Each structure stands twice: as C-alpha cells, then as structure tokens.
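What follows is a set of notes on a single structure, which appears directly below.
The values are calculated or read from the model by the stated rules, or taken from the named source; none is laboratory data. Predicted, not measured: the structure shown is a model, and the values here were computed from it. No Cβ is skipped: glycine too gets one built from the backbone with ideal geometry, and neighbour counts run over all protein chains shown. Quick note on the areas: whole protein, heavy atoms, side chains included, nothing else; ligands and nucleic acids left out. Shrake-Rupley method; radii C 1.70, N 1.55, O 1.52, S 1.80 Å.
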Amino acid sequence: MTRDVLVDIFLTLGVGCQLVCCLGVVVMRTALDRLHYAAAGTTLGPILVGIAVLIRESVSAGGLETIATVAFLVLLNPVLTIATARAAQRVDP
C-alpha cells in the first residue's frame, strides 16, 4: 500500500516536470530558450520516474536498466545541449 502511494507520487511529480518542460518548449520564443526547457526535460523528470520504477521493481534487471538509462540521460545531456547551442549560434548569429 505505501509502496503504491510512493510510486504514484513520484510518477505524478515526474510527469508534471515533463509537462512543464514541454510547455516551456512550446511557449518560449527563441531557440536557446526552447533548448533550455528541452534540456531540463532530461534531468528532474526522468530521475523522479526512475525512482518510481526502482520503488516498484527494486534492484532487479528492470531496476538496473532504469538506473543505466537515467544515468545516461543525466550525464550525456549537457554534451548534447552544448553542441546544439553552439550549432544554433553558428546558424543564427
């Protein structure tokens, strides 16, 4: 019972974070502002969803895959964001 409530809370918070990031991408005017919200979509939201999966699955094969996926998102996102921002600056001075 408590486990299900925790999973629901973390999933709700994670999806809420993702919705805010999607809304920011739609509402912002410049490409760099949109990129800021797109980059934020790979940090807190996936971490909260990953925590929910770990609560549900514990440390099993699914839990380990979740840890690896969230780690890749969080660690590789800055590289992709910086590369995209530099490319956008070259195209639109």
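Of all residues in segment 1-11, those that are open to solvent by 90 Å² or more (accessible area, probe 1.4 Å) and hydrophobic (A, V, I, L, M, F, W, C) total 1.
Of all residues in segment 53-70, exactly one satisfies the criterion of being exposed (fewer than 13 other Cβ atoms within 10 Å of the Cβ) and under 14 Å from the mean Cα position of the chain (by Cα), namely Ala68.
Yes/no per residue for (1) at pLDDT 90 or above; (2) surrounded by fewer than 18 Cβ atoms within 10 Å (Cβ to Cβ); (3) in contact with a Lys or Arg (Cβ under 9 Å, 6 or more places away or on another chain):
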position: Leu13; (1), (2), (3): yes, yes, no
position: Cys22; (1), (2), (3): yes, yes, no
position: Met28; (1), (2), (3): yes, yes, yes
position: Ala31; (1), (2), (3): no, yes, no
position: Arg34; (1), (2), (3): yes, yes, no
position: Leu48; (1), (2), (3): yes, no, no
position: Ile51; (1), (2), (3): yes, no, no
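Remark: pairs (first residue in segment 7-36, without any contact (Cβ under 8 Å) to a residue 24 or more places away in the chain; second residue charged (D, E, K, R) and surrounded by fewer than 17 Cβ atoms within 10 Å (Cβ to Cβ); Cβ separation under 7 Å; 6+ apart in sequence or on different chains) = Val25/Arg34; Met28/Arg34.
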